[in-house]
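The structure appears right after this line, and notes come after that.
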Amino acid sequence: MKKSVNTERNNLFLISLLVLVVGCEVIIRILDIPGYILPTPTRVMKALYNQKEILFKHSLVTLFEALTGFILSIIFALIIGGIVYPFEKVKKMLYPYLLISQTIPLIAIAPVILIWFGFGVLPKILIVILICTFPMLLSFLGGLEEVDRDILDLFQVMGASKKYIFFKVILPSSLPSFFSGVKISATYSIMGAVIGEWLGAKSGLGIYMTRAISSFKTDYLFAAIIVVVVLSLGIFKGIEYIEKIVMPWKQVKK
């Protein structure tokens, strides 16, 4: 039943995507919009094919930066959440700083990071960490707070240690909320790396896009955007797959 629902949803998406692409192709041709303003989908696909090798090389750089920052974000979120959780006052003190960090525009803080750490890979990874850590940490802390108190009281009465209760009860119970934050951050990871490259880099999809804009090759720009979307969806689907492995009990069979 669940597979049929997913299949129907995927089919509807593909049909709507096809209608959208064909509609854009027809409208752009009828209105005779110049290619440097808005290229047709066929022109974008042609650019994607012609630039496939160059896009692949730039994609590897962006993907490495995004995945490295993303994985480090997961580690930091778990460590910080595990340390802060038992101390309510520390958590209350830390929360405003986490919130403030998300109100600062990334486009404003990214240049400073590039000035401090140069134009290599490191500043892009740091930008991804800044973007991705907060949603994970916030979801993780929220999940830690939602643990059933009756179960905790039962384990305490049975004489279980705090360490045992945390790893056997609290942590597994918080995983659904934590993975919700991880999936949100997954869609941001590629974007963070691209923004860092956009402001200054030697390689990557961000610098590729800036070069495409400066030369008015809008079809190359849209081709790069398609690659960014595919990479982001790929990371998101990868997290969904890992979630099924880590939390098999969450999968409801119908």
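The values are calculated or read from the model by the stated rules, or taken from the named source; none is laboratory data. Because the structure is predicted, anything quoted here is derived from the model rather than measured. Heads up, the Cβs are rebuilt from the backbone with ideal geometry, glycines too, and the neighbour counts pull from every protein chain shown. We work out accessible area using only protein heavy atoms, side chains counted, and drop any ligands, DNA or RNA first. Shrake-Rupley method; radii C 1.70, N 1.55, O 1.52, S 1.80 Å.
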Test: residue 110 is out of contact with any Lys or Arg (no Cβ under 7 Å at 6 or more places or on another chain), at pLDDT below 85, surrounded by 17 or more Cβ atoms within 10 Å (Cβ to Cβ) and not charged (D, E, K, R) | yes
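Would you mind stating whether residue 244 is open to solvent by 70 Å² or more (accessible area, probe 1.4 Å), more than 18 Å from residue 48 (Cβ to Cβ), at pLDDT 90 or above and not aliphatic (A, V, I, L, M)? Lay out the reasoning, then the answer.
On the way: open to solvent by 70 Å² or more (accessible area, probe 1.4 Å): yes; more than 18 Å from residue 48 (Cβ to Cβ): yes; at pLDDT 90 or above: no; not aliphatic (A, V, I, L, M): yes.
So residue 244 fails the test.
Taking residue 130 as the residue in question, decide whether it is in a helix (DSSP H, G or I), open to solvent by 80 Å² or more (accessible area, probe 1.4 Å) and under 27 Å from residue 236 (Cβ atoms). Can you show your working first?
Working: in a helix (DSSP H, G or I): yes; open to solvent by 80 Å² or more (accessible area, probe 1.4 Å): yes; under 27 Å from residue 236 (Cβ atoms): yes.
Yes, satisfied.
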Among helices (runs of 4 or more DSSP H) completely within the range 1-119, the ones holding 3 or more residues that are in contact (Cβ under 8 Å) with a residue 60 or more places away in the chain and under 30 Å from residue 146 (Cβ atoms) are 52-84
The lone condition residue 97 fails out of (1) within 23 Å of the chain's Cα centre (by Cα); (2) surrounded by 10 or more Cβ atoms within 10 Å (Cβ to Cβ); (3) under 30 Å from residue 197 (Cβ atoms); (4) not polar (S, T, N, Q) is (2)
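For residues that are of a type in the set (S, T, N, Q) and open to solvent by 30 Å² or more (accessible area, probe 1.4 Å), tally how many sit in the range 215-239. If you could, list the steps in order and put the result at the bottom.
If we filter the range 215-239 for residues that are of a type in the set (S, T, N, Q), which is where we start, we get 215, 218, 232.
Now drop any that are not open to solvent by 30 Å² or more (accessible area, probe 1.4 Å), which leaves 215.
Result for the range 215-239: 1.
Only one residue in 201, 160, 212 is free of Cβ contacts under 8 Å to residues at least 24 places away in the same chain, open to solvent by less than 40 Å² (accessible area, probe 1.4 Å) and not in a helix (DSSP H, G or I). Which one? Before you say what the answer is, go through the steps one by one.
Numbers: 201 fails: free of Cβ contacts under 8 Å to residues at least 24 places away in the same chain; 212 fails: not in a helix (DSSP H, G or I).
Checking each option against the conditions leaves just 160.
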Across the range 32-73, which residue is farthest from the chain's Cα centre (by Cα) among those that are of a type in the set (Ser, Thr, Tyr) and surrounded by fewer than 15 Cβ atoms within 10 Å (Cβ to Cβ)?
-> 36
Which residue out of 117, 76, 87 is among the hydrophobic types (A, V, I, L, M, F, W, C), touching a Ser or Thr at 6+ places or on another chain (Cβ under 6 Å) and surrounded by fewer than 16 Cβ atoms within 10 Å (Cβ to Cβ)?
-> 76
